[in-house]
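Colleague: Structure in structure tokens, see below.
Rule-based calculations on the coordinates, nothing more; no lab input. Keep in mind that what you see is a predicted model, and the values were worked out from it rather than measured. Here the Cβ positions follow ideal geometry from the backbone for every residue, glycine too, while neighbour counts run over all protein chains shown.
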Amino acid sequence: MYQESSNAVIKHLVNILRDTNTKPHEFRSYIEQIAKLLVCEAFNTHETFSKTITTWQGPLNTTFIDEKKLVFIPILRAGEPMLNGVFEIFKHAQSGFLAMKRDETTAKSHLFYEKLPDLKGKIVVLLDPMVATGGSLSDGIDVVKQHEPKEIITLNIIGSSHGVQRVNDLHSDIHMYIAQIDEKLNENNYICPGLGDAGDRAFNTL
Ligand code: PRP
Ligand code: URA
């Protein structure tokens with residue numbers, strides 16, 4: 001299933017990203033902030049466990065999210081700034097990496113590097129800012145599923161309605177949290193209005 005954010009702060013930050021005056025270092029920083037807010041939405045009602053800690057008033061039995069079960073996996077390159085953001089919240093999580101490149105003629109994604117910790121029984125959070133045709137994300141989910149995680153969540157900044165629907169159809173068992181769903185893809189399979197090429201904008205390679 002998928003869920004588009006209704007948070008006005010997230011929408012505000014997404015619209016700053018769309019602005020071509022937003023410089024690469026600002027772009028990376030806003031991506032980090034949006035990723036932080038999205039991970040809060042994703043774990044808002046997630047399962048917790050109880051633990052007794054020592055507070056200034058003595059022992060307190062209270063709830064925590066099990067960070068040791070979390071594995072963040074950015075889809076490189078554009079997903080990399082999202083990793084910095086989510087690690088600021090969940091500092092004890094693990095991380096793996098998938099490097100994928102979309103062929104700009106066929107729009108098919110190609111996986112050329114994979115470095116993953118043991119994912120069995122883990123909560124995997126895939127990070128990719130853009131879901132255009134949905135090919136890269138869907139292929140990334142396929143790779144992760146081979147490693148038998150307990151749960152797969154994705155955090156995405158802008159998705160086209162076509163791409164989001166496609167990923168949802170192929171993987172109805174995962175949960176996508178998306179900051180913004182945009183209307184359409186252009187003839188080059190870029191999201192409109194979108195923000196252009198997220199990797200190029202983040203890493204100053206336009
Ligand atoms: C972009 C983006 C997604 C993909 C989305 O990456 O970060 O991974 O395209 O397109 P899709 O939904 O049609 O597959 P790209 O392959 O351009 O690589 P980059 O991150 O290095 O820029
Ligand atoms: N990749 C991007 O970075 N942006 C798009 O709109 C489509 C693919």
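Colleague: With point charges of +1 on the Cβ of Lys and Arg and -1 on the Cβ of Asp and Glu, referenced to the Cα centre of the chain, which listed residue (123, 181, 3) lies farthest in the positive direction of the dipole?
Modeller: Highest projection toward the positive end goes to 123.
Colleague: Summing -39500 (n - 2.57) over the DSSP H runs of n ≥ 4 in the chain and dividing by its residue number, what mean residue ellipticity at 222 nm do you reach, to the nearest 500 deg cm²/dmol?
Modeller: -10000 deg cm²/dmol
Colleague: Dipole magnitude of segment 1-139 about its Cα centre, charges +1 at Lys/Arg Cβ and -1 at Asp/Glu Cβ only, in debye to the nearest 20?
Modeller: 180
Colleague: On a full-extension model of 0.36 nm per residue, what is the gain between residue 62 and residue 1, subtracting their alpha-carbon distance, rounded to one decimal in nm?
Modeller: Result: 19.0 nm gained on full extension.
Colleague: Using a 7 Å offset from Cα along Cα-Cβ at residue 105, what residues in segment 124-139 end up with backbone N under 20 Å from the label point?
Modeller: 133, 135-136
Colleague: Out of all DSSP beta bridges in the chain, what portion is antiparallel? Express it as a percent rounded to 5.
Modeller: DSSP beta bridges in the chain are roughly 35 percent antiparallel.
Colleague: Limiting things to C-alpha atoms, what are the Rg and the maximum Cα-Cα separation (Dmax) for segment 1-102, in angstroms?
Modeller: Rg then Dmax for segment 1-102, in Å: 16.6, 55.
Colleague: Right, another one. Could you rank the peptides 103-109, 46-52, 161-167 by their average count of other C-beta atoms within 10 Å per residue, with the highest value first?
Modeller: Highest mean packing first, the order is 161-167, 103-109, 46-52.
Colleague: Taking a spot 7 Å from the Cα of residue 114 along the direction of its beta carbon, which residues of segment 141-163 have an amide N less than 12 Å from it?
Modeller: Hits in segment 141-163 for residue 114 at 12 Å: 141-148.
Colleague: Quick one: which residues, 5+ away or cross-chain, put their amide H under 5 Å from the amide H of residue 185? H built at 1.01 Å from N.
Modeller: So residue 185 has HN proximity to 192.
Colleague: Step by step: find N for segment 114-173, compute 2.2 N^0.38 Å, then divide the Cα radius of gyration by it. What's the final number?
Modeller: 1.08
Colleague: How many angstrom lie between the C-alpha centres of segment 168-206 and segment 104-160?
Modeller: Segment 168-206 and segment 104-160 have Cα centres separated by 13 Å.
Colleague: To continue, here is another question. Return the long-range amide H neighbours of residue 95 (sequence gap of 5 or more, or a different chain), with a cut-off of under 5 Å between placed amide H atoms.
Modeller: Residues meeting the amide H criterion: 72.
Colleague: Provide the per-residue ³J(HN,Hα) series for segment 105-116, in order, calculated from phi with Karplus coefficients 6.51, -1.76, 1.60 and θ = phi - 60°, each as a whole number of Hz, with x at glycine and proline positions.
Modeller: With the stated coefficients, segment 105-116 comes to 8, 9, 6, 8, 8, 10, 8, 10, 7, 9, 9, 10 Hz.
Colleague: Cα extents of the chain along the three principal axes, largest first, in whole Å?
Modeller: 61, 38, 27
Colleague: So for the pair residue 173, residue 197, with labels modelled 7 Å out along Cα→Cβ, what separation do we get in nm?
Modeller: Simple spin-label model gives 3.6 nm for this pair.
Colleague: Could you compute the FRET efficiency for residue 21 and residue 48, with r as their C-beta to C-beta distance and R0 at 41 Å, rounded to 0.05?
Modeller: 0.50
Colleague: Sort 53-60, 147-154, 88-95 by packing, meaning the average of other beta carbons within 10 Å per residue, with the highest value first.
Modeller: Order by mean packing, descending: 147-154, 88-95, 53-60.
Colleague: Here's something else I'd like to know. Whole-Hz Karplus ³J(HN,Hα) for segment 20-32, in order, using 6.51 cos²θ - 1.76 cosθ + 1.60 and θ = phi - 60°, x for Gly and Pro?
Modeller: 5, 6, 6, 7, x, 5, 6, 4, 4, 5, 5, 4, 4
Colleague: Related question: Net charge around residue 104, counting only other residues with Cβ within less than 14 Å of its Cβ (Lys, Arg = +1; Asp, Glu = -1)?
Modeller: -1
Colleague: With r defined as the distance between the Cβ atoms of residue 11 and residue 89 and R0 fixed at 22 Å, what FRET efficiency is calculated, to the nearest 0.05?
Modeller: E(calc), rounded to 0.05, equals 0.65.
Colleague: Now for a different question. Spelling out what I want: for every residue of segment 54-71, take phi, set θ = phi - 60°, compute 6.51 cos²θ - 1.76 cosθ + 1.60 (Karplus), and round to whole Hz; glycine and proline get x.
Modeller: Values per residue, Gly and Pro as x: 9, 10, 5, 10, x, x, 9, 8, 8, 9, 9, 8, 6, 5, 5, 8, 8, 10 Hz.
Colleague: While we're on this one: Quick one: which residues, 5+ away or cross-chain, put their amide H under 5 Å from the amide H of residue 108? H built at 1.01 Å from N.
Modeller: Counting only residues 5 or more places away or on other chains, the set is 103.
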